[in-house]
Amino acid sequence: MKINLRRSSVLQTTIRDAIIEQDKLVSGELKMPLWNASDENISRARGEQMTAFNAVERLEEILQTIRDQTGKANVKGKIASLLAEQPRVQAQIKRLERMVKCEIVPSSAEFEKKVASLNQQNEKSSYSVNSSVAVGIFSSADIAKFKNQLITLRRRQVEINDELIAANLSTEINISDNDWNWLEAQGIV
């Protein structure tokens, strides 16, 4: 059975959930009231737990196969490269969003005026209110360049997302008929 990577992702989540549920049934012991203690109850509990234990092992085996095929398909389909590029683009966008909000470097006259104003405030106070001055260091041309880079990166981010969606829908992996039929019998697919 061929399934695309988007369906593979959903199937992996479903299998992980089934593993968790089946694993809860495997404890290796049976607690029962003394009045109900019998070999028959122990034998029944053992059978139920062995069935759950075997189901967990089979599910983990199928999950490993799906993960392996998905990983190989990600590399083959360039998805791995896109996923590697995505965080870098997101980090650059965040950085540039900060940069475009920066103040533009003041002229010499504006800077001197700002320093003089802070000095006046300090002279009026019995203690130093402002011992430092914050000024922009980028020119308006720098800020414009950052804005253009930001626009380009946002476009690239959309392209990456579109390419990932397309690749996840068009790239397929193959699940053996035996595995698929077993998953169907378990009510997983």
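Things worth noting here:
- In the range 32-57, the residues that are in contact (Cβ under 8 Å) with a residue 60 or more places away in the chain form Cβ pairs under 9 Å with partners that are surrounded by 11 or more Cβ atoms within 10 Å (Cβ to Cβ) and of a type outside the set (D, E), at six or more places apart or across chains, as follows: A55/A18; A55/I19; A55/Q22; A55/L25; A55/Q186.
- Residue check for K94: under 27 Å from the mean Cα position of the chain (by Cα) and touching a residue at least 12 places away in the same chain (Cβ under 8 Å): no
- Complete set of residues in the range 58-82 that are more than 16 Å from S170 (Cα to Cα) and surrounded by 13 or more Cβ atoms within 10 Å (Cβ to Cβ): R58, L59, E60, I62, L63, T65, I66, R67, S81
- Residues that are of a type in the set (K, R) and part of a helix (DSSP H, G or I) were ranked within the range 1-53; the one that is surrounded by the fewest Cβ atoms within 10 Å (Cβ to Cβ) is K24.
- Selection count, the range 136-157, where residues are assigned to a helix (DSSP H, G or I) and free of Cβ contacts under 8 Å to residues at least 60 places away in the same chain: 14
- On inspection, K113 passes the criterion of being among the basic types (K, R) and over 14 Å from I160 (Cα atoms).
- Lone qualifier among I93, I188, I160 - being touching a helix residue (DSSP H, G or I) at 6+ places or on another chain (Cβ under 7 Å) and not in a helix (DSSP H, G or I): I188
- Tally, over the range 78-123, of residues that are under 14 Å from R156 (Cβ atoms) and polar (S, T, N, Q): 4
No value in this document is a laboratory result; all are computed from the given coordinates. Being a predicted model, the structure only gives us computed values, none of them experimental. Here the Cβ is made from the backbone with ideal geometry for all residues, glycine too, and neighbour counts use every protein chain on show.
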